[in-house]
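Contents: one structure, followed by commentary.
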Amino acid sequence: MSLWEINLSDKIVVLGIGNILLRDEGIGVRVVEKLREIGLPENVEIHDGATLGLSLLNLLSGCKKAIIVDAVLGGGKPGDIYRFKLKDVLNSNEKGNLLSMHDIDFVTAFRMGAEFLNLPDDIVVVGIEPATFEEGLELSEEVEKAVPEVIKLILEEIKEEIKEETDSGI
């Protein structure tokens, strides 16, 4: 089985979250806009989740793996990239500011919806440390420079998932 001959029921969802009107807060949306320009396997869905809150979970229902892209306050320098499993954050007593600045963060939304929806066990968060939340449509220079590396990381996640599927004979 080749990397492109995969079971379409093993859907991978890439979800960009953020508000594009507040510069770096929109990094997740800006990344998925760029991902749409890349030829990806048929089982990979790209979604602009904007600031939808709890309704974001419907986009993940039934998928095998989800990759969430968002601005993350991790305490690093603007443009720093973070990658972590959502379950590690869920199991931690110290969530801190690891997820977005939206009215309801993704961890809280996930906890609320996990028992009602068919959500994946494998959710990876790719976060980018923002520089500014000023009004404006363009990303800061530091965050803009991180975009190619973020896309590379997401593509590696997708390739690894497909490789695991083909190695296991799915």
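Looking only at region 41-70, which residues are in a helix (DSSP H, G or I) and over 15 Å from Lys11 (Cβ atoms)?
If the condition is that a residue be in a helix (DSSP H, G or I) and over 15 Å from Lys11 (Cβ atoms), then Gly53, Leu54, Ser55, Leu56 are the ones that fit.
Looking at region 132-160 only, could you name the residues that are touching a Gly at 6+ places or on another chain (Cβ under 7 Å) and small (Gly, Ala, Ser)?
Ala146
Output the number of the condition that Glu25 fails; it satisfies all remaining conditions of (1) in contact (Cβ under 8 Å) with a residue 40 or more places away in the chain; (2) under 15 Å from Pro120 (Cα atoms); (3) acidic (Asp, Glu).
Every condition holds for Glu25 apart from (2).
Filter region 41-73 down to residues that are buried (at least 17 other Cβ atoms within 10 Å of the Cβ) and modelled with pLDDT of 90 or more, then give me how many there are.
Residues in region 41-73 being buried (at least 17 other Cβ atoms within 10 Å of the Cβ) and modelled with pLDDT of 90 or more: 15 in total.
Given (1) at pLDDT 80 or above; (2) part of a loop (DSSP other than H, G, I, E, B); (3) of a type in the set (Ser, Thr, Tyr), where does Tyr82 come up short, assuming only one miss?
Single failed check for Tyr82: (2).
Of the residues that sit in region 85-112 and are in a helix (DSSP H, G or I) and buried (at least 18 other Cβ atoms within 10 Å of the Cβ), which one is modelled with the highest pLDDT?
The extreme case among them is Leu86.
Among the residues of region 122-153, what is the count of those that are farther than 20 Å from Gly75 by Cα, in a helix (DSSP H, G or I) and touching a helix residue (DSSP H, G or I) at 6+ places or on another chain (Cβ under 7 Å)?
Of the residues in region 122-153, 1 are farther than 20 Å from Gly75 by Cα, in a helix (DSSP H, G or I) and touching a helix residue (DSSP H, G or I) at 6+ places or on another chain (Cβ under 7 Å).
The values are calculated or read from the model by the stated rules, or taken from the named source; none is laboratory data. These figures come from a predicted structure and were not determined experimentally. As a convention, Cβ positions derive from the backbone with ideal geometry for all residues, glycine included, and neighbour counts pool all protein chains shown.
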